[in-house]
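Here the structure comes first, spelled out in structure tokens, and everything after it is commentary.
The values are calculated or read from the model by the stated rules, or taken from the named source; none is laboratory data. Since the structure is predicted, the reported quantities are computational estimates derived from the model, not experimental observations. We place every Cβ from the backbone using ideal geometry, glycine too, and count neighbours over all the protein chains shown. Calculation scope for accessible area: heavy atoms of the full protein, side chains included, ligands and nucleic acids excluded. Shrake-Rupley method; radii C 1.70, N 1.55, O 1.52, S 1.80 Å.
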Amino acid sequence: MRKNLAHMKNDISNALKQSMKNIDSYTHVRGESIYVDDVNVREGTLFGVVFDALKAHGKIKSIDYSNAEQLEGVHRIFTYKDIPGENQIGGVIPDEPLFAEHDFHFWGQPIALIVAESEFIARQARRLIKIEIEELPVITTCKEAKKQGSFINTHRSFNLGDTEKAFQECDYIFEGETFSNGQEHLYIETQGAYAEPLENGSIKITSSTQGPTIVQKTTAKVLGMAMHKIEVDVTRLGGGFGGKEDQATPWAVMAALATFHLKQSVKLVLNRHDDLRMTGKRHPYESTYKIGLTKDLKIVAYDVEFLQNSGAAADLSPAIAERTLFHATNSYYIKNVKTTVLSCKTNLPPNTAFRGFGGPQGMFVIESAIAKAASEIGVSPIKIQEINLLQENDEFSYGQIATEVEAQNTWDSAKSIFDLENLEKEVEAFNATHQDFKKGLALMPIAFGISFTNTPMNHARALVHIYQDGSVGISTAAVEMGQGVNTKLLQIAAQVFSIDSAKVKIETTNTTRVANTSPSAASSTADLNGKALLKACNALLERLKDVASEELKTSKDNIIIKNESVFINTIKSDLTWTELISKAMLKRIALTENAHYATPIIHFDKTKEKGHPFAYHVYGTAIITTTIDCTRGTYVFDDVKIVHDYGKSMSEGIDLGQVEGALVQGIGWMTMEEIAYNEEGKLLSNALSTYKIPDIFSVPSNIEVIPVETKGNEMAILKSKAVGEPPLMYGIGAYFALQNAIKAFNPKYKLKFHAPMTPEKVLMNLYE
Ligand code: MOS
């Protein structure tokens, strides 16, 4: 990115794109940003704590709340019996009660909500609840679930070509098993909501959610109320990563339920322990594959079965399973593909969306298959990867024809810009001269489809007010969660109106201003909401040009609004932006616009499992180098060098932040973050002392990101492609770099595909 800055600086129209810092940085560093826990609470606000199951599966024989209820300061304890509507929060499949009734299915499943004068009192009360249960058998793994026929829904399968026939013509066939573990979202702001009573039985919820409409809709359903009586407001989230797409909902509904009954404000913010125990994570996957290649290393057949550990309820599992199939071949073209996914019902907390949404799990398997094939054949995996890269007009297993493909381009660019040949030589030379330390290198290409795979979700709206002093207020469905979407939205408005960015304000995300929204997810938030905003701003601009044309008595075609002034072609008139707005007011012109955007082109037929589900794909190639300490098993990532497909980045700083953050999160998932449940379904990695995420010392010593030269994509906002999820998958390369380093030390090491590759595992593999 740094290298290309020079030529981009020459592009004047990009001036705003270059200069815009994340608009939240000022309040973030001053501690003034408002999260749920910072909302000014009303006098008399009460506090909730959730009482949950402390076994993974069983029947509830009896619960005695009396001691807890009698504790001073406790107002009331709510259970399923207090639900006026439906005790149901399942979004995709109605299989998840808000509160357990007669049985429970995971350790941490909510049973009741204790509401008290303080959180401290509510926690004390929780310890006084007596519960009698009958334990039932617990399933924690996919294999066991499969054996018992325990599934969430029917299996899905995407097919291309004739896989069985193709295997008969292969020179090489390899089979294997892989495992990738879950991942804890570890948003800095834990789950939480604040509910307050409004007039006439309405309730306002301030929620830390990626999906305000999901919260609104589910609350209405549970309370048996109309949606218009529930207002959901989101200022920003302290991180979401998918963990607040669906799983921000129960806490908001619980707070609203208490407010409904007590007519008082109720705040419910989970502490870290409760959050870790009660919420689902990235899905662990157990998969088996069979890969077939010809003599010239062309992959011609690939058959894979993914077992997804969905947990105890559907949550978003079916949609996540679907995306695993969409990304099962990553950025490769394979003529004959058979992919199947089984969503396995287990007694873990319902696993949920996590950056990449099943895509990374799919990609880990194909990369494993390639590594295995390379090792058996005795060639470099890089060779197999390269020979099979997706090309223009290749067909994905789901029928979409790949266009504007940048797989080869990013691959070749990475190789040449970073001088791969030399990097490989350096690694070899280092390994030849060092005994106690070894280096490993791997390449990781990515291709990630952009759009919600559920076509009907690809829409958004924007509401724009130009106030009479010329300042602008914007509401959309976009939820700011640290990804910088608000900065991008602000840029769009400031650019279209050509006004100072200080004149633009991005409002909170609120269901009364923008309704029926899709969650901020699928990397699509800036595209969908940005396009709607662009439409609204352009409509207003046209209207303002009419006003200017009348005022200046010239044809509208001659009017240009630039730098807060009206120009007649190149001549600056006396009319300023502010005056133009005043004139429009006097002429009674509407200074408000509401626009709707729905992604064109996309479609998908689930009966055939074919279609064109993605607006476009994001491509890129990473080269990852690691050094392992062969005495200790510890490692560092020296270098990650990436050529990334930003399209035409509209916001370089923010996009680079997304690439770096996603990469590190991907490396964490693949190498150090180890979720552990015991056989009884109890979460063992239940604190930051037992669950290690990357810190500043474990990020790569050097991350270099260069944008690939491309014309950008019209389906992306201002040709600037989605960036939230795709770079996470560069992190998968870290796993294979580590294996290569281990192999350099221990030639007898047999490749294993069981992520994460923790330092303990590295150590054991070094001396295997
Ligand atoms: Mo995101 S994993 O699509 O919430």
Checklist entry - Which length gain, in nm to one decimal place, applies between I60 and H155 when the Cα-Cα distance is subtracted from 0.36 nm times their residue separation? => result 31.0 nm
Checklist entry - Convex hull over the alpha-carbon atoms of the range 629-768: what's its volume per residue in Å³? => result 148
Checklist entry - Dividing the Cα convex hull volume of the range 481-552 by residue count, how many Å³ per residue is that? => result 106
Checklist entry - What's the center-to-center distance, using Cα atoms, between the range 240-281 and the range 481-503 in Å? => result 31
Checklist outcome for this item: Using eta = 0.692 mPa s and T = 37 °C, Stokes-Einstein with Kirkwood Rh from Cα pairs puts D for the range 265-370, in µm² s⁻¹, at 219
Checklist entry - Round to a whole number: what % of the accessible area of the range 532-646 belongs to carbon and sulfur, probe 1.4 Å? => result 52
Checklist entry - So, by mean Cβ neighbours within 10 angstrom, what's the order for 108-121, 149-162, 233-246 with the highest one leading? => result 233-246, 108-121, 149-162
Next on the checklist: If amide hydrogens are placed 1.01 Å from N in the peptide plane, which non-local residues have theirs closer than 5 Å to the one on L575?
Outcome noted: V566
Checklist outcome for this item: Interchain or sequence-distant (5+) residues whose placed amide H lies within less than 5 Å of the amide H of T346 are S310, G311, A312
Checklist entry - Given a Förster distance of 35 angstrom, what is the FRET efficiency for L128 paired with E32, based on the Cβ-Cβ distance and rounded to 0.05? => result 0.35
Item to check | Packing rank of 493-500, 598-605, where each peptide gets the mean count of other beta carbons within 10 Å, highest leading | outcome: 493-500, 598-605
Next on the checklist: Please list the three semi-axes, largest first and in whole Å, of the ellipsoid equivalent to the range 546-653, using sqrt of 5 times the eigenvalues of its alpha carbon gyration tensor.
Outcome noted: 52, 26, 14
Checklist entry - Mind listing the phi-derived Karplus ³J(HN,Hα) values for the range 337-346, rounded to whole Hz, using 6.51, -1.76 and 1.60 with θ = phi - 60°, and x for any glycine or proline? => result 9, 10, 10, 9, 10, 10, 8, 8, 8, 10
Item to check | Distance between the range 584-629 and the range 513-567 - C-alpha centres, whole angstrom | outcome: 19
Checklist outcome for this item: Other residues with Cβ under 12 Å from the Cβ of E322 give, with Lys and Arg +1 and Asp and Glu -1, a net charge of +2
Checklist entry - From the phi of every residue in the range 711-723, what ³J(HN,Hα) in whole Hz does the Karplus formula 6.51 cos²θ - 1.76 cosθ + 1.60 yield, where θ is phi - 60° and glycine or proline is x? => result 7, x, 9, 5, 6, 8, 5, 6, 6, 9, 6, 4, 9
Item to check | In Hz, Karplus ³J(HN,Hα) per residue of the range 504-509 (6.51, -1.76, 1.60; θ = phi - 60°; x = Gly, Pro) | outcome: 10, 10, 9, 7, 4, 8
Checklist outcome for this item: Under 5 Å from the placed amide H of F437, counting only residues 5+ away or on other chains, we find C630
Checklist entry - With every protein chain in place, what's the accessible area of K608 (1.4 Å probe, Å², nearest 10)? => result 140
Item to check | Cα-based equivalent ellipsoid of the range 232-290: semi-axis lengths in Å, sorted from largest, via gyration tensor | outcome: 31, 13, 11
Checklist entry - Given the C-alpha centroids of the range 39-56 and the range 688-722, what is the distance between them in whole angstrom? => result 36
Checklist outcome for this item: Once the mean of 1/r over all distinct C-alpha pairs in the chain is inverted, the Kirkwood radius in Å reads 27.5
Checklist entry - Using the eigenvalues of the Cα gyration tensor, what equivalent ellipsoid semi-axes result for the range 84-231 when each is taken as the square root of five times the eigenvalue, whole Å, largest first? => result 42, 23, 17
Checklist entry - Which value, in debye to the nearest 20, describes the size of the charge dipole of the range 572-713 about its Cα centre when Lys and Arg Cβ atoms bear +1, Asp and Glu Cβ atoms bear -1, and nothing else is charged? => result 820
Item to check | Stokes-Einstein D (µm²/s) once Rh is taken as the Kirkwood radius of the range 723-768 over alpha-carbon pairs, at 20 °C in 1.002 mPa s | outcome: 189
Item to check | Carbon + sulfur, % of accessible area of the range 237-283 - ligands and nucleic acids excluded, 1.4 Å | outcome: 59
Checklist outcome for this item: Of every Cα-Cα pair in the range 149-233, the percentage lying beyond 16 Å is 73
Next on the checklist: If I model the range 175-330 as equal point scatterers sitting on the Cα atoms and use the Debye formula, what is log10 I(q)/I(0) at q = 0.13 Å⁻¹?
Outcome noted: -0.68
Item to check | Taking only Cα atoms of the range 103-160, radius of gyration then Dmax in Å | outcome: 18.8, 60
Item to check | D (Stokes-Einstein, µm²/s), Kirkwood Cα radius, the range 381-485, 1.306 mPa s at 10 °C | outcome: 83
Item to check | the chain, relative contact order in percent, only Cα pairs under 8 angstrom and at least six apart counted | outcome: 15
Checklist outcome for this item: Out of F448, I561, L423 - ranked by how far each Cα lies towards the positive end of the dipole of the range 417-570, with unit charges on the beta-carbon of charged residues - the top one is I561
Checklist entry - Do you know the relative contact order of the range 530-637, to the nearest whole percent, from alpha carbon pairs under 8 angstrom that are 6+ apart? => result 19
Next on the checklist: Can you show me the helix-derived [θ] at 222 nm for the chain, built from DSSP H runs with n ≥ 4 at -39,500 (n - 2.57) apiece and divided by the number of residues, rounded to the nearest 500.
Outcome noted: -9000 deg cm²/dmol
Item to check | Lysine-lysine proximity count for the range 641-768, Cα under 28 Å, sequence distance 8 or more or distinct chains | outcome: 25
Item to check | Solvent exposure ordering (accessible area, 1.4 Å, most first) of I131, I214, I205 | outcome: I131, I214, I205
Checklist outcome for this item: Result row for the chain, helices from DSSP H with C-alpha axial extent 30 Å or more and mean Kyte hydropathy at least -1.0, is 525-552
Next on the checklist: Probe radius 1.4 Å, ligands and nucleic acids left out: which of S689, S208 has the largest accessible area, and how do the rest follow?
Outcome noted: S689, S208
Checklist entry - Which aspartates and glutamates does K290 reach when only Cα atoms under 15 Å apart count, and residues fewer than 8 places away in its own chain are ignored? => result D162, E164, E169, D171, E175, E177, D303, E305, E367, E376
Next on the checklist: Can you find, among A687, T578, L738, the residue sitting farthest towards the positive end of the charge dipole of the chain, where Lys and Arg contribute +1 and Asp and Glu -1 at Cβ?
Outcome noted: T578
Next on the checklist: Sequence gap at least 6, Cα distance under 8 Å: using those rules, report the relative contact order of the range 518-588 to the nearest whole percent.
Outcome noted: 19
